[in-house]
Amino acid sequence: MRTIPVYSPLDGQPLESIEVADASAVDIAVTRSRSAFENWSQTPVKERVQPLFRFKQRVETEMDSLAQLVSAENGKTVGEAAAGIAKGLEVVEFATALPVMGQGGKLEVSRGVDCFTRSYPLGVVGGITPFNFPAMVPLWMFPIALATGNTFLLKPSEQVPLTSVRMAELLLESGLPEDVFQVVQGDRETVEALIDHPGIAALGFVGSTRVARLVYERGIGTGKRMLCLGGAKNHLVVVPDADPEITAKNVVSSAVGCAGQRCMAASVLITVGDCSAVMEAIESEMKAVIPGENLGAVISAEAKERIEGYIERAESAGASILVDGRGASVEGKEEGFYVGPTLIDGVDVSSECACDEIFGPVLTVLHVDSLDEALAIENENPYGNAASIYTTSGATARYFEDRASAGMIGINIGVPVPREPFSFGGWNESRFGIGDITGEDGIRFWTQQKKITQKWSASAAQNWMS
C-alpha cells in the first residue's frame, strides 16, 4: 500500500506516515459503515447524542494534548489550536440539542386529517476536510451527521491526519458504536474513490475554490448530495470614524492569525478617505507579531515559497512593502516553514496580490475615496465568504451590511464566524451547493424528510384527499 510522510511545519521534522486508502479500501470502509447504519439509524435520537455528550467532555479534558497535536501537524500556535477545537465543540453542543429541537411539524389541515414531517438520515455520508483546521472543520460536519442517524467517513488532509485519528479514538472511548465513524487516510486517489462510490449518499467538502468546484461537479454527477465550501478574498473596509487602536488590533489579528491560513482571514484592507491614523497603528501592530512567538508556521515549504513569491512580485511591480515577512526564521527551528506578517501598499485593484487568495499572513491595502467605491471592489471579487467594516456609525454599518456581497458580515469584527446555532457558509464562488454546513442548514443537509398525511376520522364526510 502506498504511504505518505507527514512533517511538522514547526521544525520540518517527520511526524509519521499514513497509508493511502485506495478504491478497494474505501469500499471496505463503506461496507462496514453500511452495516453499522442499520442499527445506528434505528437508535432513538436521545440515545444517539449520548456518546457526543461524553465525547465533548473527553475533548475538554484532553484539550491541552489535542491542541499540542494540532499545533504539531498544522503549525499554528497552541492557543490558536485550542480556540479552533473550542469552536468546533459548539457544533457538538448544537448536535446534542437535537432531541429537544422538535424536528418536524404537524398541522391539522382538514377535519380528521393531519399533515406532519419526519426527518430520516441519508445513510453512509462523509467529509473531506482541509489542512488549516484539523479539528474544527471535521467538527462542523460529523456531530450533526451522526446525531441525525448517519454513519460517517472522514477523509482529512494528508498533511494533518493525526488529529482525526485521535478524535476517532475519543468517539469510541465515549461509547460510539464501532464503524459508525471511520477515518480514511489518503490524497486525491482517496477523494476520488469517495466521490465515485455509489454507497455514499452525501459529501461535505472544505478546501480551495478550484478543488471545491471540481469535487462538487464530480459528486453531483454521481447523484450525491454535495456541499463544497471554497476559498475567499475577504475585504475589510475602514472608514475615517473608526477607532484606530481597536481597528488596528482587530485587523492584524484577522490578517495574520493562524498564519493567514483560514478562509475567513482578512486579505485586502480598503481605506476610505483619510485613515492615516489607522494605517500607522496597523503597521505598528504588525511589527509586534513575531514568528515562533505569537505567529505560527505555514503548512509546508511549498506554501512558504508560494506566499513569498506573491510578496516579491508585488515589490517588483512597484508596491511598497511596509512590513516584510520574507526570510523569517525561528531559532532552534530553522527548518520550519515560517513567513512573517506582511503589509503591502501601493498596488492596483487588479494586481494579483489584491485578487488572489494568498493564504498566508499577508495583507494588501487599497485606498478609495468613498464607501461605494469600496463596496464595488468587494462586490466585484468572485468570492463571497466574509466582508467587514470598521466604523462607529450605525448607519454606515447598516449601509455596508445591506450591500456587501458575502455570506458572513463583520461590523468591527475581522473574522465574522457565526456562533452556533447561526450557520457557517459563504456566497458566490466560496460555496458550491445549497445551504450552510452548520446550524439548522447542517441538519437539513444530512437528512431527508418524509411528509405524512393521515386520516383517522370515522366520519363519512368527504375530507380533503379522502
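The values are calculated or read from the model by the stated rules, or taken from the named source; none is laboratory data. None of the values given here were measured: they were computed from a predicted structure. Cβ coordinates were reconstructed from backbone atoms using ideal geometry, including for glycine residues, and neighbour counts include every protein chain displayed.
Does region 373-412 hold any residues that are farther than 15 Å from Val268 by Cα and part of a helix (DSSP H, G or I), and which are they?
The answer is Gly394, Ala395, Thr396, Ala397, Arg398, Tyr399, Phe400, Glu401, Asp402, Arg403.
Tally time: how many residues in region 207-234 are among the basic types (Lys, Arg), out of contact with any helix residue (DSSP H, G or I) (no Cβ under 7 Å at 6 or more places or on another chain) and under 17 Å from Asn385 (Cα atoms)?
2
Looking only at region 377-393, how many residues end up being surrounded by 14 or more Cβ atoms within 10 Å (Cβ to Cβ), without any contact (Cβ under 8 Å) to a residue 60 or more places away in the chain and out of contact with any Lys or Arg (no Cβ under 9 Å at 6 or more places or on another chain)?
0
Give the number of residues within region 186-228 that are in contact with a Lys or Arg (Cβ under 7 Å, 6 or more places away or on another chain) and either of a type in the set (Lys, Arg) or over 22 Å from Thr31 (Cα atoms) (or both).
The total comes to 0.
Of the conditions (1) buried (at least 20 other Cβ atoms within 10 Å of the Cβ); (2) over 19 Å from Asn132 (Cβ atoms), Ile28 fails just one. Which one is it?
For Ile28, the exception is condition (1).
Among (1) in contact with a strand residue (DSSP E or B) (Cβ under 7 Å, 6 or more places away or on another chain); (2) surrounded by fewer than 20 Cβ atoms within 10 Å (Cβ to Cβ); (3) not assigned by TED's automatic domain parsing to the domain that holds Ile437, there is one condition Ala266 misses while meeting the rest; what is its number?
Failed condition: (2).
Does Glu189 satisfy being surrounded by fewer than 24 Cβ atoms within 10 Å (Cβ to Cβ), in a helix (DSSP H, G or I), among the acidic types (Asp, Glu) and touching an Asp or Glu at 6+ places or on another chain (Cβ under 7 Å)?
Yes; evaluated as a whole, the condition is true for this residue.
Scan region 204-212 and tell me whether some residue there is within 28 Å of Glu62 (Cβ to Cβ) and surrounded by fewer than 24 Cβ atoms within 10 Å (Cβ to Cβ).
yes
When you check Thr396 against the structure, is it touching a helix residue (DSSP H, G or I) at 6+ places or on another chain (Cβ under 6 Å), over 26 Å from Ala314 (Cα atoms) and surrounded by 16 or more Cβ atoms within 10 Å (Cβ to Cβ), yes or no?
no
I need every pair where a residue in region 140-165 that is under 14 Å from Val180 (Cα atoms) has its Cβ under 6 Å from the Cβ of a residue that is polar (S, T, N, Q) and part of a loop (DSSP other than H, G, I, E, B), sequence separation at least 6 or different chains.
That search, which allows pairs on different chains as well, returns Gly149/Ser41.
Among the residues of region 334-352, what is the count of those that are touching a Ser or Thr at 6+ places or on another chain (Cβ under 8 Å) and surrounded by fewer than 23 Cβ atoms within 10 Å (Cβ to Cβ)?
4
Read through the list (1) over 30 Å from Asn294 (Cα atoms); (2) within 27 Å of the chain's Cα centre (by Cα), then give the number of the only condition that Arg58 fails.
That leaves (1) as the condition not met.
Could you list, in sequence order, the residues of region 192-241 that are part of a loop (DSSP other than H, G, I, E, B), without any contact (Cβ under 8 Å) to a residue 60 or more places away in the chain and either closer than 27 Å to Asp356 by Cβ or polar (S, T, N, Q) (or both)?
Selection gives Thr222 alone.
Residues in region 93-104: is at least one out of contact with any strand residue (DSSP E or B) (no Cβ under 9 Å at 6 or more places or on another chain), among the charged types (D, E, K, R) and in a helix (DSSP H, G or I)?
yes
What tally of residues in region 192-224 results from selecting those that are touching an Asp or Glu at 6+ places or on another chain (Cβ under 8 Å) and among the β-branched types (Val, Ile, Thr)?
Selection size over region 192-224: 2.
Could you tell me whether Gly112 is touching a strand residue (DSSP E or B) at 6+ places or on another chain (Cβ under 7 Å), surrounded by 15 or more Cβ atoms within 10 Å (Cβ to Cβ) and at positive phi?
Criteria met by Gly112.
Say whether the condition of being in a strand (DSSP E or B) and under 23 Å from the mean Cα position of the chain (by Cα) is met by at least one residue in region 271-293.
The answer is no; no qualifying residue exists.
Which one of Leu153, Leu162 is of a type in the set (A, V, I, L, M), buried (at least 24 other Cβ atoms within 10 Å of the Cβ) and at pLDDT 95 or above?
Criteria check complete, one pass: Leu153.
Confirm whether Glu357 is of a type in the set (D, E, K, R), touching a Cys at 6+ places or on another chain (Cβ under 9 Å) and assigned to a loop (DSSP other than H, G, I, E, B).
In short, yes.
Considering only region 421-428, I want to know if a residue exists there that is farther than 21 Å from Ser208 by Cβ, touching a residue at least 24 places away in the same chain (Cβ under 8 Å), more than 12 Å from the chain's Cα centre (by Cα) and buried (at least 21 other Cβ atoms within 10 Å of the Cβ).
The answer is no; no qualifying residue exists.
Are any of the residues in region 53-74 under 26 Å from Ser254 (Cβ atoms), in contact (Cβ under 8 Å) with a residue 24 or more places away in the chain and touching a Phe, Trp or Tyr at 6+ places or on another chain (Cβ under 7 Å)?
Yes: region 53-74 contains one or more residues that are under 26 Å from Ser254 (Cβ atoms), in contact (Cβ under 8 Å) with a residue 24 or more places away in the chain and touching a Phe, Trp or Tyr at 6+ places or on another chain (Cβ under 7 Å).
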